[in-house]
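The structure appears right after this line, and notes come after that.
The values are calculated or read from the model by the stated rules, or taken from the named source; none is laboratory data. Please read these numbers as outputs of a predicted model, since none were measured by experiment. For neighbour counting, all protein chains shown are included, and Cβ atoms are generated from backbone atoms with ideal geometry for every residue, glycine included.
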């Protein structure tokens, strides 16, 4: 009985879950990056499911809160898309090791954004606080991208996505987890997917 209780307590500790995620990241270094990223985001989602089986995560879902998250996402993403579309396309395609827009869309909008926000803003931040969650997110970014990405790009990712994580953390603290997920989805779609999508549009209408 004590062993079962200790097992449940371990999976209620965000740091233990992050340790498992990091160990999986180190154990999949030989896997091609697109497949590796899919495995790691799936693992993050599964660890979140295990956590919520014994712990409560507050979503704070209301339409006004989600609307605020969407609006803030637009405020962040639209200027970046307007002025940095071409550098963003090159950066994202290098980072995710693909120029397939559909695959990129699935990776960043249906895997990375919801899985990362739920884990780091919903689990780590709600249990440990904003700054520990930002730090944990930085560790996860290094695990995700540093092994297969040139060091300057990996450090740029750490800074840029760390800032996005900080903003989403503020949104989660102010308006709830659902608003943070909405904000991150808008940023992911406009900043990470649309620059590559615009290339296809130009080819179609050239």
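Name the residue, out of 151, 156, that is without any contact (Cβ under 8 Å) to a residue 12 or more places away in the chain, over 12 Å from the mean Cα position of the chain (by Cα) and over 20 Å from residue 13 (Cα atoms).
Selected residue: 151, the only one of 151, 156 that is without any contact (Cβ under 8 Å) to a residue 12 or more places away in the chain, over 12 Å from the mean Cα position of the chain (by Cα) and over 20 Å from residue 13 (Cα atoms).
On the basis of being in contact (Cβ under 8 Å) with a residue 24 or more places away in the chain, part of a helix (DSSP H, G or I) and within 14 Å of residue 118 (Cα to Cα), does residue 200 make the cut?
no
Could we say that residue 204 is out of contact with any helix residue (DSSP H, G or I) (no Cβ under 8 Å at 6 or more places or on another chain), at pLDDT below 95, under 13 Å from residue 76 (Cβ atoms) and loosely packed, with under 15 Cβ neighbours inside 10 Å here?
no
Conditions: (1) surrounded by 15 or more Cβ atoms within 10 Å (Cβ to Cβ); (2) farther than 23 Å from residue 193 by Cβ. Residue 52 meets all but one. Number of the miss?
Answer for residue 52: the failing condition is (1).
Rundown of residues vs (1) touching a residue at least 40 places away in the same chain (Cβ under 8 Å); (2) over 22 Å from residue 106 (Cα atoms); (3) touching a strand residue (DSSP E or B) at 6+ places or on another chain (Cβ under 6 Å), yes/no style:
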{"position": "22", "(1), (2), (3)": "yes, yes, no"}
{"position": "34", "(1), (2), (3)": "yes, no, no"}
{"position": "50", "(1), (2), (3)": "no, yes, no"}
{"position": "55", "(1), (2), (3)": "yes, yes, no"}
{"position": "77", "(1), (2), (3)": "yes, no, no"}
{"position": "85", "(1), (2), (3)": "yes, no, no"}
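Out of (1) surrounded by 15 or more Cβ atoms within 10 Å (Cβ to Cβ); (2) without any contact (Cβ under 8 Å) to a residue 60 or more places away in the chain, the odd one out for residue 27 is which?
Unmet condition: (1).
Among the residues of the range 66-74, is there at least one that is part of a helix (DSSP H, G or I) and more than 22 Å from residue 180 (Cα to Cα)?
no
If I filter the range 177-197 for residues that are farther than 23 Å from residue 102 by Cα and out of contact with any helix residue (DSSP H, G or I) (no Cβ under 6 Å at 6 or more places or on another chain), do I get at least one hit?
Checking the range 177-197: not a single residue is farther than 23 Å from residue 102 by Cα and out of contact with any helix residue (DSSP H, G or I) (no Cβ under 6 Å at 6 or more places or on another chain).
List the helices (runs of 4 or more DSSP H) inside the range 92-182, counting only whole elements, that have at least 2 residues being surrounded by fewer than 19 Cβ atoms within 10 Å (Cβ to Cβ).
Once the helices (runs of 4 or more DSSP H) in the range 92-182 are filtered for at least 2 residues that are surrounded by fewer than 19 Cβ atoms within 10 Å (Cβ to Cβ), what remains is 101-105, 125-128, 130-145, 151-175.
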